[in-house]
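First comes the structure, then the notes that go with it.
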Amino acid sequence: PGFRKSRAMGKTDVESMNGTQFAQGEIIGGRYKVLSLLGKGGLGLVYRVEQIILGEELALKTIHKTFLTDTTIKRFEQEARTAFAVNHANIIAVKAFGLLDDQTPFLAMEIVNGETLAELLQDSGPLPIEAALPIIIQVCFGLAHAHDCGIVHRDIKPSNIMLLKDLAIGTEGSVKILDFGIAKFSHREGGEI
């Protein structure tokens with residue numbers, strides 16, 4: 001998830017995982033052409049793909065077959081629901097959700113060029129307040145919007161905050177919140193959860 005290949009991940013890491021692996025150039029779901037592997041998370045893989053009909057590049061997140069359970073599928077569906085419920089410049093946009101040919105769920109999201117706050121902190125160390133404030137403000141705008149939509153992220157951390165390289169930090173949309181996988185709706189019809 002900023003969806004770029006993790007620094008710690010090598011080709012052998014992906015090759016050692018059984019199940020959902022897609023080769024470069026492979027067409028999946030009848031509409032996405034795999035361009036490259038961007039990274040892997042605790043439960044899945046993220047690919048750079050081209051939506052063939054529109055010619056648009058996206059990040060396609062899947063659950064690795066090793067981890068396909070009712071619980072992980074429900075969590076993935078929850079991420080899709082919460083992501084579709086929000087539309088804000090500081091939240092990664094989800095374009096599609098569904099099942100691939102092998103019934104593996106997927107999320108197709110906007111692809112962004114940047115680095116996570118965790119990567120920046122690892123490279124640079126603690127940020128001075130002048131550098132941190134514009135990032136915090138952008139994150140707060142995104143979270144406020146999610147809260148207005150009744151969604152609580154529940155996993156805000158540096159690795160879930162993407163800093164875009166194409167925009168100056170502090171510019172609207174220069175910081176994106178990622179991974180609504182454990183987000184919850186704060187209320188439903190009939191009261192609080």
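Let's see how each residue does on (1) more than 21 Å from V112 (Cβ to Cβ); (2) open to solvent by less than 20 Å² (accessible area, probe 1.4 Å):
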residue	(1), (2)
L45	no, yes
L68	yes, no
E79	no, yes
A83	no, yes
N87	no, no
A93	no, no
The range 36-91: number of residues that are under 26 Å from F141 (Cβ atoms) and among the β-branched types (V, I, T): 4
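Could you run through the range 104-124 and say how many residues are assigned to a helix (DSSP H, G or I) and open to solvent by 30 Å² or more (accessible area, probe 1.4 Å)? Before the answer, list the steps.
Step one: filter the range 104-124 for residues assigned to a helix (DSSP H, G or I), giving 117-124.
Next, from what is left, pick out any that are open to solvent by 30 Å² or more (accessible area, probe 1.4 Å): 118, 120-124.
Result for the range 104-124: 6.
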Is there a residue being crowded, with 20+ Cβ neighbours inside 10 Å, within 19 Å of the chain's Cα centre (by Cα), in a loop (DSSP other than H, G, I, E, B) and modelled with pLDDT under 90 anywhere in the range 139-155? yes
How many residues does the range 34-78 hold that are farther than 18 Å from D102 by Cα, at pLDDT below 85 and either assigned to a loop (DSSP other than H, G, I, E, B) or hydrophobic (A, V, I, L, M, F, W, C) (or both)? 2
Checked against (1) in a loop (DSSP other than H, G, I, E, B); (2) acidic (D, E); (3) at pLDDT 90 or above, D101 satisfies every condition except (3)
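For residues that are in a loop (DSSP other than H, G, I, E, B) and closer than 19 Å to L68 by Cβ, scanning just the range 4-25, find the one that is modelled with the highest pLDDT. Break it down stepwise before answering.
The first filter runs over the range 4-25 and keeps only residues in a loop (DSSP other than H, G, I, E, B), leaving 4-10, 16-25.
Filter again for closer than 19 Å to L68 by Cβ, leaving 16-22.
Details: S16: 40, M17: 41, N18: 41, G19: 43, T20: 49, Q21: 76, F22: 87.
Per the criteria, the residue is F22.
The values are calculated or read from the model by the stated rules, or taken from the named source; none is laboratory data. Keep in mind that what you see is a predicted model, and the values were worked out from it rather than measured. Every residue, glycine as well, gets a Cβ built from its backbone with ideal geometry; the counts of neighbours run over all protein chains shown. In case anyone asks, the SASA skips ligands and DNA or RNA and just uses the protein heavy atoms, side chains included. Shrake-Rupley method; radii C 1.70, N 1.55, O 1.52, S 1.80 Å.
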